[in-house]
Amino acid sequence: RYATGTIHADRNQKSFKYSLEKFMQVRGAPTIVRMGRARIAKNPTYYAKLEQRFGVPAEVIVAIHGMETAFGSNMGNANVLSAISTLAYDCRRSDFFSVHALAALRLVDKGALSSSTKGAMHGEVGHTQFLPGNIETYGIDGDGNGVVDLTNISDGLASTANFLARKGWKPGQGYLEGQPNFRVIKEWNAAGVYQKAIAIMASQIAQ
C-alpha cells in the first residue's frame, strides 16, 4: 500500500543539510566511536578475519554499522515492500527506486524478503541498511547457513565489506577525505556530511 510515512521521511531529510559538526552531534558520533571500539575489542578475531577477507578495516565497517542502525538496535519498522513500491511510484526519484522495487520482488520469489519484512523508511534492510538491489548484487552469506539475511549480523557486516571491496577499496590505503578510499565511502551514501562523518568516526575508532 501507499506509504505516507515514507513520503514524509523522504521530503524531510533535514539532517543532511546540517554542518558536519552539527550532523555528528545529532547522530551521536562520540557514542558510536566509544561503542565501536568496544565491539572490536570484544571480538577482535572476527573483525580481523573480515578485514583479511575483504581488505576493509574493521573501524570503517563498525562506523557504518553504528551510523546506520546503532549497531543493529534500530533496523526500522516500515514495511519494506510498501516503502520501496511507494518510492518507485512517487515522481521524485522513480527511476532510481523502480530498480530496487523490482529487485525486492525477485528477493520475495527467492524467500529472502516477504510481504511482512520490516526495514527503514526508504526500504533499506538489515544491520547496515541495504536497498533490495544492493542485496542482490552485494549480499553475502556471512555465517555459511545458505541464506543471505542482512538482519543477521554476520551477513550484514560481510555484505557491507563486500560492497566496499567491490566498489574499489584499496587495502592499506587511507580513507579520510582526500585519501584514496574516501572515494569508496562516497559510494555508500551520497550526502557529503555523512561521508565525512563515517571517515572521521572510523579514524577515531582506530585510535
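Number of residues in the range 114-138 that are open to solvent by less than 20 Å² (accessible area, probe 1.4 Å), part of a loop (DSSP other than H, G, I, E, B) and more than 15 Å from W188 (Cβ to Cβ): the value is 1. Selection of the range 106-123 for residues being more than 20 Å from the chain's Cα centre (by Cα) and either at pLDDT 95 or above or not small (G, A, S) (or both) yields R106, V108, D109, K110. Hey, does the range 167-181 have a residue that's surrounded by 22 or more Cβ atoms within 10 Å (Cβ to Cβ), under 19 Å from A101 (Cα atoms) and of a type in the set (S, T, Y)? There is no residue in the range 167-181 that is surrounded by 22 or more Cβ atoms within 10 Å (Cβ to Cβ), under 19 Å from A101 (Cα atoms) and of a type in the set (S, T, Y). Restricting the range 139-154 to residues that are closer than 16 Å to I64 by Cα and β-branched (V, I, T), the residue that is surrounded by the most Cβ atoms within 10 Å (Cβ to Cβ) is I153.
The C-beta contact set for the range 34-49 (first residue free of Cβ contacts under 8 Å to residues at least 60 places away in the same chain and on the phi < 0 side of the Ramachandran plot, second residue of a type in the set (A, V, I, L, M) and exposed (fewer than 13 other Cβ atoms within 10 Å of the Cβ), distance under 8 angstrom, 6+ apart or interchain) is empty. Take the conditions (1) among the polar types (S, T, N, Q); (2) surrounded by fewer than 16 Cβ atoms within 10 Å (Cβ to Cβ); (3) under 20 Å from N189 (Cβ atoms); S159 misses just one of them, which is (2).
The values are calculated or read from the model by the stated rules, or taken from the named source; none is laboratory data. Every value quoted in this text rests on a predicted model; they were computed, and no experiment measured them. Positions of Cβ are backbone-derived with ideal geometry, glycine not excepted, and every protein chain shown enters the neighbour counts. Areas reflect the complete protein model, heavy atoms only, side chains present, ligands, DNA and RNA absent. Shrake-Rupley method; radii C 1.70, N 1.55, O 1.52, S 1.80 Å.
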